[in-house]
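What follows is calculated from the coordinates using simple rules that are stated; it is not laboratory data. What you are looking at is a predicted structure, and each value in this text was computed from that prediction instead of being measured. Please note: Cβ atoms are built from the backbone with ideal geometry, for glycine as well, and neighbour counts cover all protein chains shown.
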Amino acid sequence: MPQMSIVDHLKILDAESIFAARDDETAALLRHAHNDRIPNLTTRPPWRAYVCPLRRPQERSTEILVGFSYSHAIADGKSGLLFHQSLRHALQETHNLPYDDEPAFSPPSVSELLPPLEKLASLNISWAFLLGPLIGEYCPPTLKRIFGVSSGSHEDYWRGARARPPMPDRSRPIETALVHRQVTRANINKVLSLCRTREVKLTGLLIVLTSRALAYALQARNERSTLFKAETALDLRKCIPEARASMGNMASAVEDTILVDEGGRIGKLSDREWETAKNITLHLQQASSTLLDQPVGLLRYLSDFKGWTLKKAAQQPNCSFSVSNVGAFEHSEPQDSAAVKITDMIFSQSADGTGAPFNLNLASTKSDGTLNMVVTWWPGMLGVENEGRFMDDVCDRIVEELKAI
């Protein structure tokens, strides 16, 4: 694409036009961006930046919200942080950068972009890792039992609604619902201190806490479930040195099963639950440190990717929820008091038409330390009445657990 128009990819928003009385500012911008369709994707790249001034009734605010919305087809979660790093650097260096008021600009040539993950890295798949999915997908139940492959029954763990909402189309795209919560730096530091004594990372703990919160919210609605399966996104950049600071799709994923104790007290995990969090932590560390047997590497064996995707979109999810922790945004504190500062960082995925009932999205900044949690889902995926209240209860319970630990 030799030229692009900034008009197609930048929106300056009026705060009052997107903020509802009950919304916090971040949730309002996220909700707007998730459900704002980018037209003509055949002729323009699927990304857009949003700029919105923060509401400060009695003073002139120098703070703005900047959102970067993009398709997972072109980039992963870490790419969002890299965008904001690049944006901040550009804003700091505007006096050294050539610019004008011409809306059209020439993007870098394709040769300057990293190739796709499957061409950039060797995603080797062992026969043992390959045979399980192949047998599970194509063989009848009798042969699956002979080969010791799971029959695919997921009845034991919670998977949301028994059926997905009707298949979306151009006239009825997927809507994204969301809940946003924050946990203060003081709380997070206390939790991290305890986690270190247990050899547990924050992501592993939050997966267990989310499972406990789900069990609690379901029990309050006269539903019993204590077994959950979490799918967690992996960033493979540490295995690909040339991609460490580059945008693109460098992600894979792993699954873990969580059994929570019934009637557990808030903030009081059992030894078994702590052990589960420790095992998840170890699993994530091991899986993100190798390119061998990554699930994303199995995609090249698909003969009909579109058919497989449509099949997934019609099936009940094979997990309870997904987790994406893009980590803490790091940036040096500017010496100039008038310099551009990034004070908070939020990450959020759109509703998943082929994946988990809901996504738990995590991000923070090193300087502030506040943990931002955003839960997103496709309305109709959770299988409970008043899904918004249900996810409010789940998120509030997670925050209460973190405060009580």
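Structure summary
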{"item": "Share, in percent, of DSSP beta bridges within the chain that are antiparallel, nearest 5", "result": "75"}
{"item": "log₁₀ of I(q)/I(0) at q = 0.22 Å⁻¹ - segment 4-112, Debye sum with one point per alpha carbon", "result": "-1.51"}
{"item": "Kirkwood Rh, Cα atoms: Rg over Rh of segment 245-382", "result": "1.02"}
{"item": "Cβ-based net charge around GLY383, under 13 Å, with every Lys or Arg adding one and every Asp or Glu removing one", "result": "+1"}
{"item": "Ranked packing of 113-124, 266-277, most packed first, by mean Cβ within 10 Å", "result": "266-277, 113-124"}
{"item": "Net charge dipole size for segment 354-397 [Lys, Arg +1 and Asp, Glu -1 on Cβ; Debye, nearest 20]", "result": "180"}
{"item": "Rounded to the nearest 20 debye, dipole of the chain from Cβ charges on Lys, Arg, Asp, Glu", "result": "840"}
{"item": "Computed [θ] at 222 nm, deg cm²/dmol, the chain (DSSP H ≥ 4; -39,500 (n - 2.57); rounded to nearest 500)", "result": "-10000 deg cm²/dmol"}
{"item": "Under Karplus coefficients 6.51, -1.76 and 1.60, residue-wise ³J(HN,Hα) of segment 90-104 in Hz, glycine/proline x", "result": "5, 5, 5, 10, 4, 6, 9, 9, x, 7, 8, 9, 6, x, 8"}
{"item": "Between segment 273-287 and segment 62-124, the Cα center-to-center distance that results, in Å", "result": "33"}
{"item": "Segment 267-324: C-alpha pair distances exceeding 15 Å, %", "result": "71"}
{"item": "Per-peptide average of other Cβ atoms within 10 Å, ordering 249-259, 319-329 highest first", "result": "319-329, 249-259"}
{"item": "Under-5 Å amide H pairs with LEU65, H placed in peptide plane, nonlocal only", "result": "CYS52, LEU54"}
{"item": "17 Å Cα-Cα reach of LYS190 towards aspartates and glutamates, excluding residues that sit fewer than 8 places from it in its own chain", "result": "GLU199, ASP368, GLU400, GLU401"}
{"item": "Mean Cβ neighbour count within 10 Å, used as a protection proxy, ranking 387-400, 199-212 highest first", "result": "199-212, 387-400"}
{"item": "Radius of gyration and Dmax over the Cα atoms of the chain, both given in Å", "result": "22.0, 72"}
{"item": "Anisotropy class of segment 188-244 from Cα gyration tensor, a/c 1.5 cut", "result": "oblate"}
{"item": "Net charge dipole size for segment 4-112 [Lys, Arg +1 and Asp, Glu -1 on Cβ; Debye, nearest 20]", "result": "320"}
{"item": "Members of LYS78/LYS119; LYS11/LYS341; LYS11/LYS312; LYS119/LYS311; LYS201/LYS306 lying beyond 31 Å, as alpha-carbon distances in this model show", "result": "LYS11/LYS312; LYS201/LYS306"}
